[in-house]
Amino acid sequence: MLEPLLLEIEGMKCGSCVRAVEKRLLEQPGVQQASVNLLTRTAWVQLDPELVLAEQDQALPRLKQALAGLGYQAKLRQAGQEVASRRELLQQRHWWQQWRQLVVALALLLVSVLGHLALEGVIPPPAATLLADVRFHALVATVVLLGPGRPILVRGVQSAWAGVPTMDTLVGLGVMSAYLASLVAFLWPETGWPCFFNEPVLLLGFVLLGRFLEDRARFRTGRALEQLAALQPDTALLLMDGGPPRQVRVGGLRPGDRVQLLPGDRVPVDGVVLAGASAVDVSGLTGEPLPLQAEAGTELAAGSLNLEAPLELEVRRSGGDSAIARIIHLVEQAQARKAPIQRLVDQVAGRFTLFVLALAIATFVFWWQWGARLWPKVLVRQVAHEMGPMAHGVLGSSADTPLALALQLAISVLVVACPCALGLATPTAMTVGSGLAARSGLLFRGGDAIEAASQLGAVLFDKTGTLTVGRPLVTEVQPFGATAAERVVQLAASLEASTRHPLAYAIQQEAHRLELPILLATESRTVAGEGVEGLVDGERFRVGRLAWVQADDDPDAMACQTRLELQGATVLAIGGPAGLMGLVAVQDSPRPDAQRVLGELRAMGLQLGLLSGDRRQPVERLGALLGLRNGELAWELRPEQKLERIGAFPHRGTLAMVGDGINDAPALAAADLGIAVGTGTQIAQDTADLVVLGDRLDGVLVALRLARRTMAKVRQNLAWAFGYNLIVLPIAAGVLLPGFGVLLTPPYAALLMALSSITVVLNALLLQDGPHQRG
C-alpha cells in the first residue's frame, strides 16, 4: 500500500472549510480516503495503490491545483525532514508576521470606536467633525475591504462559487451587505437609506481579533508534540579517528558514525552503545519511571537522557528515521485521521452554512416587509448629534427604517453563526488527547482509535510477552533416546536464531550460558502458531508444539510434557529425522503490574479474556495468578482460531485485543481496537491501532482512561457548539426584539462568534490538567 500523504493546508477557518477541502480531495482521481483536521491545518490522503508510477508523480500537483481553485494553498509535509518544534517555527517568523493580524484588528477597532464616540459628542471638534464625517468612514471602509478584508472576501467568493460556502462566505456577505447599502445611501441620498460605513470596519476588526486569539489558543494544543520534538538535541559530539570530539548538527550524522554522549546529554540519534555503562532516562519516550541500565550492546532511542557516565554510541538511524521522528510523524498522521463522530460533525457543519444563508435571507425579508409593521415600536428614531449634512449613522444602536433593521438583523445572523466551533469541537480535544498520550509513550493511530478506546466493552489479551514479562528462562531440558541435553538446546537455539519470539530468546540465553556454538540453519520457515523448521548440517529439524513436531502420540513425551506444564512451564519439542529428540521447559512470569491492571480494567466495567496458543495448564495457572476466571481463558489457539474467538466473544461496545507477536497480528487487525505492547514485533505494531511503548502493561490502562476523558471533552465541546448556535441564532434573527427589546448588533455578533471558538479550544486544553502520566 502506498504511504498516505500528509498535506499542510493554509486558509481553512471553519468546519465548512473542512467539508469543502475533503469534498474536493475525494473528487480527484486516485484518492481513496481523505481526512482534514481544522486544528492542525492538515489533510491525510490515502491514494489508490493501483496507480501507475507516472500517475503517482502527478497526484500531488493535481491535488494542489484542485485546492488552489478553492482558495487553499497546500504543500506536502515530508516524513523524513528534520523535526522542528512549532515554537521554533513560530520564532523563525518575523515579529510583524506573527502579530500583524492583532495590530490590524486593534487599529480597525480603534477607528470604529472613535467614530462612535464622535457621534455621541464625547470627542470635541475639530476631530469630531472628521471622525463623524461619512466621507472619512467611506474611505476607511474601502481601504479596509481592499486590504485586511480582501483575503476573507476572496476565499468567501471562491468557496461559494465552488458550491461549498464557508464561514468566510458568511462574514464576506455580512461585510459587503453593510458596505454596499452604505455606498448606495452615500451616492444617492434621495433613497433615504441609512449610511453606516463604520460597521464593516468594526465587524472585520472583531473577526480578525477573534481569529488571532483563536490561533494563539490553538497553538497551545500543539505543546505535547512540541515537547516531544524538544527531546532531540540540535547538535552532537562526533568522534573522529585520533582527534577530539567535534560538535556537528544532528542532521549531518549518518549510520555508522560514532558519537560521544556526556552525562546530562540527550541521545541525539538512534544508536547502539559501543563503550561505557550508564543509567539512561527513557521516560520522555515511553513513560517508564525507572531508568534503563545501558552498557555495550544496548540500543538507545533518540530523546533518551544520559544520567551518570559518558557513553560512546554508533549511529543506527538519524534525522527523520529516528524513533522520536517516527513517533512525531505517527502522531501527526493520527491527528489528521478522524473519529467517526468528527466526520458526522463535519458533514453537519458543511450544510450548516447553507442553513444560515437561508435563515439570513428569511430574516431580512420578514423584518423588511412585515416585522416593522407588526411591531412599530422596534423602530427608534435617531437622536444622534448632527455633525453636518454628511452625518454618519451607527448600525446597531438603533434602526429608524424597516430596511435598516432588516439589514442589521440579517448581517447579525450571518456573522454570529459559528461553524468554526463545530469544526473545532472534535479535533481540538483529539489533538490534545493524542499529544498527551504520545508524551506518555502511547501512540494512537487516529481519532477513530481514540473513539473506539473510549467505547470499549471487552479487552482480550495474548499471554506470552503481554501478560507475562516476555523473557522466560529455560528451567529444564528432557532429552529422549541417546540425544544429549546440550545437543537438544543447541539445535533448538540454532533453529530459533532467525525468530524474535520470547521463547526463542530464552533458548538462546541457555545456549549462551552453556557456551554452545550456534549452528547455521538454512531454509528456515516459521509456521505461525506451531513453530520453526529448517536444515541444520543438511538434515531437517523442527522446534515447536509437540503435536506438530511429532504427529504420532508418544505416551512418555506426553506424560513429561504434562508434568512440566503442571509446574507452570511452556514446553517446546525438538525433533529430527530420527524422531523426537527432547523437550525444553521454558517458564515465564507474569508482569509485575498485570494483576493490578486487570483488576482496574474489570473495575472500569470491562469484560476480560485471555487468548493463548500455549497449552491448557500454563494458561490456567497464569489465569489463577491474575484473577481470571476459567470461562475467560482459551488455550492452544492458532492465529485463525483467535480470529474466530474474537468474532464470537460476547461483549458490549467495542472489543480490544492486546498482543505483541507475529501470530497476534491478524487478531490485532480484526479487533475493533488492536493494542500492541512496545516490546512486540514490528508487524504487531504496524497492525495495531494503539502502540504502548515501554515495558509496562499499565500503559493500556492509562490509554483507555485518557480516551474516555478525551471523548468526554468532545461531547462537552459539541454540546457547547450546538447549544451556542441554538441560542444565539434566534436572538440574532430578532426573536427577543418585540417583547424584550434585545438587539444583537453585527459587531457584537462577530465577538460572540470568536468567543465561541476560543471557548471550545480552551475547554480542550483542560485535558492537560488531568491525570495522564504513567507511573
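The values are calculated or read from the model by the stated rules, or taken from the named source; none is laboratory data. Here the structure is a predicted model, which means the values were calculated and not measured. Positions of Cβ are backbone-derived with ideal geometry, glycine not excepted, and every protein chain shown enters the neighbour counts. We work out accessible area using only protein heavy atoms, side chains counted, and drop any ligands, DNA or RNA first. Shrake-Rupley method; radii C 1.70, N 1.55, O 1.52, S 1.80 Å.
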Given the criteria among the polar types (S, T, N, Q), in a strand (DSSP E or B) and in contact with a Ser or Thr (Cβ under 9 Å, 6 or more places away or on another chain), does T526 qualify?
yes
Filtering the stretch 442-461 down to residues that are open to solvent by less than 10 Å² (accessible area, probe 1.4 Å) and part of a loop (DSSP other than H, G, I, E, B) yields G446
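Give me the helices (runs of 4 or more DSSP H) completely within the stretch 150-228, filtered to those with at least 2 residues that are at pLDDT 80 or above, ordered by residue number. Walk me through how you get there before you give the answer.
On the way: elements: 150-161, 167-187, 198-220.
Hits in the stretch 150-228: 150-161, 167-187.
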The one condition A665 fails out of (1) open to solvent by less than 20 Å² (accessible area, probe 1.4 Å); (2) under 21 Å from V619 (Cα atoms); (3) modelled with pLDDT of 80 or more is (3)
Those residues of the stretch 702-735 that are in contact with a Gly (Cβ under 9 Å, 6 or more places away or on another chain), surrounded by fewer than 22 Cβ atoms within 10 Å (Cβ to Cβ) and of a type in the set (S, T, N, Q) come to a total of 0
Checking R487, R471, R439, R513 in turn, the sole residue that is at pLDDT 90 or above and basic (K, R) turns out to be R487
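For the subset of the stretch 496-523 comprising residues that are in a loop (DSSP other than H, G, I, E, B) and among the polar types (S, T, N, Q), which member is surrounded by the fewest Cβ atoms within 10 Å (Cβ to Cβ)?
Keep residues of the stretch 496-523 that are in a loop (DSSP other than H, G, I, E, B), which gives 497-501, 514-520.
Applying the additional criterion that residues be among the polar types (S, T, N, Q) yields 498-499.
Values: S498: 14, T499: 19.
Among residues in the stretch 496-523 that are in a loop (DSSP other than H, G, I, E, B) and among the polar types (S, T, N, Q), the one surrounded by the fewest Cβ atoms within 10 Å (Cβ to Cβ) is S498.
Taking the stretch 744-775, which residues are in a loop (DSSP other than H, G, I, E, B) and either open to solvent by less than 50 Å² (accessible area, probe 1.4 Å) or at pLDDT 80 or above (or both)? Give the steps one after another, and end with the answer.
Step one: of the stretch 744-775, the residues in a loop (DSSP other than H, G, I, E, B) are 744-745, 770-775.
Listed by number, the residues that qualify are L744, T745, G770, H772, R774.
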Given the conditions (1) of a type in the set (S, T, Y); (2) open to solvent by 10 Å² or more (accessible area, probe 1.4 Å); (3) touching a Pro at 6+ places or on another chain (Cβ under 7 Å), every one holds for T468 apart from (2)
Subset of the stretch 368-396, residues open to solvent by less than 80 Å² (accessible area, probe 1.4 Å), modelled with pLDDT under 50 and either over 20 Å from R135 (Cα atoms) or within 53 Å of the chain's Cα centre (by Cα) (or both), comes to H392, G393, V394, L395, G396
Residue count, the stretch 511-523, condition within 23 Å of E539 (Cα to Cα) and either of a type in the set (A, V, I, L, M, F, W, C) or touching a residue at least 24 places away in the same chain (Cβ under 8 Å) (or both), comes to 7
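Within the stretch 577-592, how many residues turn out to be open to solvent by 20 Å² or more (accessible area, probe 1.4 Å) and over 29 Å from G627 (Cβ atoms)? Before you say what the answer is, go through the steps one by one.
Our first condition is that a residue be open to solvent by 20 Å² or more (accessible area, probe 1.4 Å); within the stretch 577-592, this holds for 577-581, 587-590, 592.
Applying the additional criterion that residues be over 29 Å from G627 (Cβ atoms) yields 577-581.
Residues meeting the conditions: 5.
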(message) Going by what's in this entry, would D400 be described as modelled with pLDDT under 80, out of contact with any Asp or Glu (no Cβ under 7 Å at 6 or more places or on another chain) and open to solvent by 10 Å² or more (accessible area, probe 1.4 Å)?
(response) yes
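What do you reckon, is P738 at pLDDT 80 or above, open to solvent by less than 60 Å² (accessible area, probe 1.4 Å) and farther than 18 Å from G433 by Cβ? Working first, answer last.
On the way: at pLDDT 80 or above: yes; open to solvent by less than 60 Å² (accessible area, probe 1.4 Å): yes; farther than 18 Å from G433 by Cβ: yes.
Spelling it out, P738 is indeed at pLDDT 80 or above, open to solvent by less than 60 Å² (accessible area, probe 1.4 Å) and farther than 18 Å from G433 by Cβ.
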So, first residue more than 16 Å from L108 (Cα to Cα) and part of a strand (DSSP E or B) in the stretch 119-140, second residue modelled with pLDDT under 70 and not aliphatic (A, V, I, L, M), Cβ within less than 7 Å, six or more apart or across chains; the pairs are D133/H392
Restricting the stretch 285-315 to residues that are closer than 30 Å to L5 by Cα and either at pLDDT 80 or above or among the polar types (S, T, N, Q) (or both), the one surrounded by the most Cβ atoms within 10 Å (Cβ to Cβ) turns out to be A302
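Examine the stretch 463-476 for a residue that is in contact (Cβ under 8 Å) with a residue 24 or more places away in the chain, over 27 Å from G623 (Cβ atoms) and not in a helix (DSSP H, G or I), and state whether such a residue exists.
Taking the stretch 463-476 first, the residues in contact (Cβ under 8 Å) with a residue 24 or more places away in the chain are 463-476.
Add one more test, that the residue is over 27 Å from G623 (Cβ atoms), and what stays is none.
No, that holds for no residue.
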Within the stretch 594-624, restricting to residues that are out of contact with any helix residue (DSSP H, G or I) (no Cβ under 7 Å at 6 or more places or on another chain), in a helix (DSSP H, G or I) and aliphatic (A, V, I, L, M), the one that is surrounded by the fewest Cβ atoms within 10 Å (Cβ to Cβ) is A603
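Check every one of the helices (runs of 4 or more DSSP H) wholly within the stretch 13-94 and list those with 2 or more residues that are touching a helix residue (DSSP H, G or I) at 6+ places or on another chain (Cβ under 7 Å) and modelled with pLDDT under 80. Don't jump to the end; show me each part of the working.
Values: elements: 15-26, 53-68, 86-92.
Correct list: 15-26, 86-92.
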Taking the stretch 547-567 and keeping only residues that are open to solvent by 90 Å² or more (accessible area, probe 1.4 Å) and closer than 15 Å to E476 by Cα, one is left with R563, L566, Q567
How many residues of the stretch 625-640 are open to solvent by 50 Å² or more (accessible area, probe 1.4 Å) and modelled with pLDDT of 80 or more? The answer is 6
Can you find even one residue in the stretch 316-335 that is assigned to a strand (DSSP E or B) and either surrounded by fewer than 21 Cβ atoms within 10 Å (Cβ to Cβ) or modelled with pLDDT of 80 or more (or both)? yes
